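S.K.: Sharing a structure, written as structure tokens. Questions coming.
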Amino acid sequence: MADEFKTPAQIADEARYKGQDAARAASGLADDAKAIGSSTVQALRPAMDDAKATAREAVDTAKGVAAYAKDVAGDALNSARAYARSAADTASEKLGTLKAKAVDAQDVAARYIADEPVKSVLMGVAVGALLATLLLNMGRNRNY
């Protein structure tokens, strides 16, 4: 029975050894956790670098697309301006041609009136009578 009982010094020594074992085990676990954390960081580093590179490529692509869109919009604006300028020039030319034809017609009419005054008056009377008849007939058709 004497073997079953331990002295306080033995219990203290046993506790000290167990504490030292626990401290060594905790230190080993801490070293393992540190190593796992370090290897995890090392393993994630390439993925993070890839993600950064992909983000940079996406930004560069977006900048390229924006620049292209700006160029296309500029080209469209320049084309629209050129088309508008061309349309305005064409309209101006046609207006000039019409003015010239109107002046020519006025000159021809003035010469005809000077050369044939009686025929001119009779034609004027005939056109006036025709217009009056047409206007009177239009007025009558609206009343019904």
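S.K.: Taking the Cα centre of the chain as origin and charging only Cβ (+1 Lys, Arg; -1 Asp, Glu), how large is the dipole, in debye to the nearest 20?
M.R.: On the way: 19 positive and 19 negative charges, 258 e Å.
Charge dipole of the chain: 1240 debye, to the nearest 20.
S.K.: Work from the charge dipole of the stretch 9-143 (Cβ charges, +1 for Lys and Arg, -1 for Asp and Glu, about the Cα centre) and give the residue of Y68, Y17, L98 farthest towards its positive end.
M.R.: L98
S.K.: Compute the acute angle (0 to 90°) between the alpha-carbon long axis of helix 8-115 and the principal axis of greatest extent of the alpha-carbon atoms of the chain; round to the nearest 10°.
M.R.: So the helix axis and the longest Cα principal axis differ by about 10 degrees.
S.K.: Still on this structure: For the stretch 93-144 and the stretch 55-72, what is the separation of their Cα centres, given in Å?
M.R.: 66 Å
S.K.: Take the Cα atoms of the chain, find their three principal axes, and give me the spread along each one in whole Å, biggest first.
M.R.: 165, 45, 16
S.K.: Choose one of T40, T54, L122: the residue whose Cα lies farthest towards the positive end of the charge dipole of the chain (beta-carbon charges +1 Lys, Arg; -1 Asp, Glu; about the Cα centre).
M.R.: L122
Read-outs throughout are calculated quantities, based only on the coordinates presented, and are distinct from any laboratory measurement. It should be emphasised that the depicted structure is a prediction, and the values quoted were computed from it without experimental measurement. Ideal geometry is used to build each Cβ from the backbone, glycine not excepted, and the neighbour counts take in all protein chains shown.
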